[in-house]
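Read through the structure below, which is laid out as structure tokens, and then see the notes.
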Amino acid sequence: MVHGYDALDDKTLNTRTGKGGLGIARRENLEAYLFLLPWIIGFLVLTIGPILASLGLSFTDWQVGLGMNFIGLENFRLMVVEDDLFKKSLGVTFNYSLMALPAGIVVALAMALLLNQKVFGIGVFRTIYYLPAVTSGVAVAMLWAWIFNSEFGLLNWALDLINVKGPAWLLEPRWALPAFAVMSLWGAGGLMIIYLASLQAIPQTLYEAAQIDGANVARQFLHVTLPMLTPTILFNLVVGIIAVFQTFTNAYIMTAGGPNFATYFYVLHLYNNAFGYARMGYASALAWVLFVIVLVMTLAVLRTSQYWVFYSGEKE
């Protein structure tokens with residue numbers, strides 16, 4: 001019987017890859033590539049093409065409407081030695097990431113824990129908490145510009161009810177960046193959904209075993225929930241790093257980088273050079289520096305993950 005199956009398999013294989021013309025297998029492969037061809041062309045022309053073009057432009061001095069000159073690494077030297085706004089925007093972005101990223105991860109996890117309860121109407125609450133994450137960025141910026149308004153804003157009005165004088169959030173350099181960090185929590189629903197899915201995937205038997213061993217709710221969270229969520233925390237951390245270093249819309253709409261460059265984010269500096277001053281070569285160099293920074297930070301996080309991320313299927 002074994003030899004019979006072997007013979008049948010060989011016969012089927014010969015039929016699919018017959019010697020006369022293209023076999024069935026080849027035709028199927030060709031048809032698959034034909035269906036993929038529009039995506040492949042789009043990927044090469046609209047993604048890989050611009051990436052390679054920006055890399056080439058980063059070594060040139062090109063202003064739109066003027067000539068293009070190859071200058072090698074001069075753009076990178078200029079941003080390090082002469083461009084004070086490069087250093088300022090990089091510092092603002094790093095400070096913002098230190099405030100917004102940990103807060104976003106913790107708040108999203110807390111929301112997921114609350115919305116993981118089995119209570120009536122929980123689906124409605126999950127929808128409500130997630131909706132802000134898919135709201136238009138410009139609309140969100142306009143909303144928070146009103147909330148932080150020092151004269152008639154909602155936040156200062158609420159503080160006034162408890163006899164607290166609210167600051168001019170977006171007009172004082174020391175308060176502007178923290179205000180942006182608070183505003184970033186508006187979109188925590190995106191991370192919350194990922195945490196919620198991971199929470200529901202944790203085997204209930206682990207909690208039952210912990211209860212038998214006498215673990216209370218706090219110990220169950222520390223020794224069961226948190227270790228099982230570490231892969232999700234890693235994912236959200238990497239996604240968060242990429243997101244915070246691309247912060248642009250809120251600063252562009254609400255403060256234009258002010259006051260006194262307190263909210264002058266890196267991507268805003270890149271945008272101003274590209275579309276404000278038409279320095280496409282220098283803006284391309286800024287974009288590649290941003291790519292390298294995000295890549296290095298992501299690789300560093302992934303490198304350290306072996307010490308704190310637990311995968312349930314791995315062996316000790």
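With segment 1-66 as the region, which helices (runs of 4 or more DSSP H) entirely inside it contain at least 2 residues that are modelled with pLDDT under 90 and basic (Lys, Arg)?
Result: 2-16, 24-43.
Please count how many residues of segment 270-316 are closer than 30 Å to Ile202 by Cα, of a type in the set (A, V, I, L, M) and assigned to a helix (DSSP H, G or I).
Going through segment 270-316 one residue at a time, the tally reaches 5.
Of all residues in segment 146-167, count the ones that are under 20 Å from Thr249 (Cα atoms) and open to solvent by 60 Å² or more (accessible area, probe 1.4 Å).
Summing the residues that are under 20 Å from Thr249 (Cα atoms) and open to solvent by 60 Å² or more (accessible area, probe 1.4 Å) in segment 146-167 gives 1.
So in segment 184-220, with the set limited to residues that are of a type in the set (Ser, Thr, Tyr) and over 30 Å from Gly137 (Cβ atoms), which one is most open to solvent (accessible area, probe 1.4 Å)?
Thr205
So for segment 280-299 (the condition being more than 25 Å from Asp61 (Cα to Cα), open to solvent by less than 30 Å² (accessible area, probe 1.4 Å) and in contact with a Pro (Cβ under 6 Å, 6 or more places away or on another chain)), does at least one residue qualify?
Scanning segment 280-299, I find no residue that is more than 25 Å from Asp61 (Cα to Cα), open to solvent by less than 30 Å² (accessible area, probe 1.4 Å) and in contact with a Pro (Cβ under 6 Å, 6 or more places away or on another chain), so the answer is no.
Within segment 68-114, can you find the residues that are of a type in the set (S, T, N, Q) and part of a helix (DSSP H, G or I)?
Asn75, Ser89, Thr93, Asn95, Ser97
Restrict the check to segment 252-260 and report whether at least one residue is in a loop (DSSP other than H, G, I, E, B), touching a Pro at 6+ places or on another chain (Cβ under 7 Å) and not charged (D, E, K, R).
Yes: segment 252-260 contains one or more residues that are in a loop (DSSP other than H, G, I, E, B), touching a Pro at 6+ places or on another chain (Cβ under 7 Å) and not charged (D, E, K, R).
Taking Phe70 as the residue in question, decide whether it is free of Cβ contacts under 8 Å to residues at least 40 places away in the same chain, surrounded by 11 or more Cβ atoms within 10 Å (Cβ to Cβ) and within 28 Å of Pro227 (Cβ to Cβ).
It is false that Phe70 is free of Cβ contacts under 8 Å to residues at least 40 places away in the same chain, surrounded by 11 or more Cβ atoms within 10 Å (Cβ to Cβ) and within 28 Å of Pro227 (Cβ to Cβ).
Could you list all residues from segment 127-168 that are aliphatic (A, V, I, L, M) and more than 26 Å from Ala256 (Cβ to Cβ)? Give the steps one after another, and end with the answer.
Kept after step one, since they are aliphatic (A, V, I, L, M), are these residues of segment 127-168: 128, 131, 133-134, 138-143, 145, 147, 154-155, 158-159, 161-162, 164, 168.
Of everything in segment 127-168, those that are aliphatic (A, V, I, L, M) and more than 26 Å from Ala256 (Cβ to Cβ) turn out to be Ile128, Leu131, Ala158, Leu161, Ile162, Val164.
Which residue, of Leu143, Leu170, is open to solvent by less than 80 Å² (accessible area, probe 1.4 Å), under 23 Å from the mean Cα position of the chain (by Cα) and in the same structural domain as Asn272 (by TED's automatic domain parsing)?
Result of the check over Leu143, Leu170: Leu143.
So the check is Cβ under 9 Å with 6+ separation or different chains; which pairs have a first residue in segment 77-97 that's modelled with pLDDT of 95 or more and a second one that's of a type in the set (Ser, Thr, Tyr) and open to solvent by 30 Å² or more (accessible area, probe 1.4 Å)?
Tyr96/Ser184
Which helices (runs of 4 or more DSSP H) sit wholly inside segment 122-234 and have at least 2 residues that are touching a helix residue (DSSP H, G or I) at 6+ places or on another chain (Cβ under 7 Å) and touching a residue at least 40 places away in the same chain (Cβ under 8 Å)?
Answer list for segment 122-234: 122-130, 137-147, 173-184, 189-201.
The values are calculated or read from the model by the stated rules, or taken from the named source; none is laboratory data. All values reported here derive from a predicted model rather than from experimental measurement. Using ideal geometry, Cβ is built from the backbone for each residue, glycine included, and neighbour counts are taken over all protein chains shown. Keep in mind that these areas ignore ligands, DNA and RNA; they rest on the heavy atoms of the full protein, side chains included. Shrake-Rupley method; radii C 1.70, N 1.55, O 1.52, S 1.80 Å.
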